[in-house]
Amino acid sequence: MTKKVLFGILIIISQNLFASQKPILVTESTISLNLDETEELFFSFAEGDIIEFDFEMVKGKHIKEVEVYEMPNNKIFADFKVQKISKKQIHIRNKGLYKFKFYSSSLTKRVGKIKIFRIPADESTKKFNTNWKWKTIRDTIYTPYTIDSITGYKKIQYKEKVRELVKTENIEDILFNKSQRVHSYYNDNRSSTYLRVDLPNPMVSDLKEERLIAWAYWIGVGQEAQQAYKENARAVGELANGVSAIYGTPLAGLAVGTVSELLIPKTGEDVFYTFLPDYENAEKFINGLEYLQYDTGKGVAAYGKNSNITQGTFYIGLHNDNQIQGIDVDVKVVSIKEVKTFEIVEYDREREEPITVTLNKTRMDVKETKIRVPFE
């Protein structure tokens, strides 16, 4: 018997055998796809099965792609711009999981009907379960790495330079000491004037720091006020008793708070005074315009302190309301600044540093992956 005859006989037997098995319905369903949407169906098939499936559009002209894969990625069928597939048969060589993929790129919704059958090879696989299940695969990964381990400590000698405070002292600074003539109202000259006072800029360096604590003022008219200020100086001198130079003037004690009250005369010509924040308001003051001020008063003599304004320039406005007689006004301003003096001192120091060695190690990581597999 020739080989051709044997081959023909085998084909006939095979066809008769498959013909004897009725198609078994795996699924009958409808899919609906929007723009750029994919539908995937998964089924298990036995070795020797024949897949037979139909597809028909219900809504829309066609869908872009229909594909069948032997999992995980072996494509065994593909068709494009599909309108209808009738009794398409695919022979299964290997038991496994198979994916049916339907993709639409149309702007409008696409709806299609699907029927999938399996024709088993013989009676032994007739009841094959086409479902699938998840299987967890664990992969062990070994990753090398290094780590520094401390084996001991060593002592390190070094020198450290430290900025240390040597002394703190308060220093008196006379900012203003002047007798100012303020003319009468009917004099050819103005009956208002102003004086400029510049607060000192503090020095800051590695070895010295200055800070303006406060300033105090005295404003007095005529001989009566001058005599009262001398009495205040004598009283403060007795209080200090030579212990501290901070009491060099009555205003110094007033600025630091060791003196709370000063003697002022009861009689004499008076003066109106006001403290102006800048040159613009000083000009407004002498020209009779509205101006800004942060302290004002009137009297034969006056005094006070300020610890809020500690930098920049301010002005003292003076006005004589006497219509005939001019006045001489003594104006004194004294500031107190705190001065800190430092020195750089070098010290011998010791610190501990760790002694380390580098160790080579391996880290074990377990990676879990879930995959679809046939149910049986």
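The values are calculated or read from the model by the stated rules, or taken from the named source; none is laboratory data. Computed from a prediction, not measured in an experiment: that's the story for all the values here. In this analysis, Cβ positions are derived from the backbone assuming ideal geometry, glycine residues included, and neighbour counts consider all displayed protein chains. Side chains are part of the model used for accessible areas, which takes the heavy atoms of the whole protein and leaves out ligands, DNA and RNA. Shrake-Rupley method; radii C 1.70, N 1.55, O 1.52, S 1.80 Å.
The figures follow:
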| read-out | value |
| --- | --- |
| Subset of region 175-195 (residues that are assigned to a strand (DSSP E or B) and in contact with a helix residue (DSSP H, G or I) (Cβ under 8 Å, 6 or more places away or on another chain)) | Ser192, Thr193, Tyr194 |
| Matching residues in region 342-366 - criterion: being in contact with a Ser or Thr (Cβ under 8 Å, 6 or more places away or on another chain) and either modelled with pLDDT of 95 or more or open to solvent by 80 Å² or more (accessible area, probe 1.4 Å) (or both) | Thr358, Asn360, Lys361, Thr362, Arg363, Met364, Val366 |
| Thr130 vs. criteria within 51 Å of the chain's Cα centre (by Cα) and among the polar types (S, T, N, Q) | no |
| Residue list for region 195-217, filter: out of contact with any strand residue (DSSP E or B) (no Cβ under 8 Å at 6 or more places or on another chain) and either more than 28 Å from Ala302 (Cα to Cα) or open to solvent by less than 70 Å² (accessible area, probe 1.4 Å) (or both) | Ser205 |
| Test set (1) on the phi > 0 side of the Ramachandran plot; (2) surrounded by 11 or more Cβ atoms within 10 Å (Cβ to Cβ) - Lys87 fails condition number | (2) |
| Breaking point among (1) touching a residue at least 24 places away in the same chain (Cβ under 8 Å); (2) closer than 27 Å to Val236 by Cα; (3) open to solvent by 40 Å² or more (accessible area, probe 1.4 Å), for Gly297 | (3) |
| Unmet requirement for Asp328, which otherwise passes all of (1) open to solvent by 50 Å² or more (accessible area, probe 1.4 Å); (2) acidic (Asp, Glu); (3) under 53 Å from the mean Cα position of the chain (by Cα) | (3) |
| Region 218-227, subset outside any strand (DSSP E or B) and touching a Gly at 6+ places or on another chain (Cβ under 7 Å), residue surrounded by the most Cβ atoms within 10 Å (Cβ to Cβ) | Ala225 |
| Pick from region 44-68, criterion of a type outside the set (A, V, I, L, M), surrounded by 20 or more Cβ atoms within 10 Å (Cβ to Cβ) and under 15 Å from Leu97 (Cα atoms), ranking: nearest to the chain's Cα centre (by Cα) | Ser44 |
| Residue selected from region 301-312 under the condition assigned to a strand (DSSP E or B) and open to solvent by less than 50 Å² (accessible area, probe 1.4 Å), by the criterion farthest from Val197 (Cα to Cα) | Ala301 |
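Here is a yes/no grid of residues against (1) touching a residue at least 40 places away in the same chain (Cβ under 8 Å); (2) open to solvent by 80 Å² or more (accessible area, probe 1.4 Å):
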{"site": "Lys95", "(1), (2)": "yes, yes"}
{"site": "Val111", "(1), (2)": "yes, no"}
{"site": "Arg118", "(1), (2)": "yes, no"}
{"site": "Ser124", "(1), (2)": "no, yes"}
{"site": "Thr168", "(1), (2)": "yes, no"}
{"site": "Ile171", "(1), (2)": "yes, no"}
{"site": "Ile174", "(1), (2)": "yes, yes"}
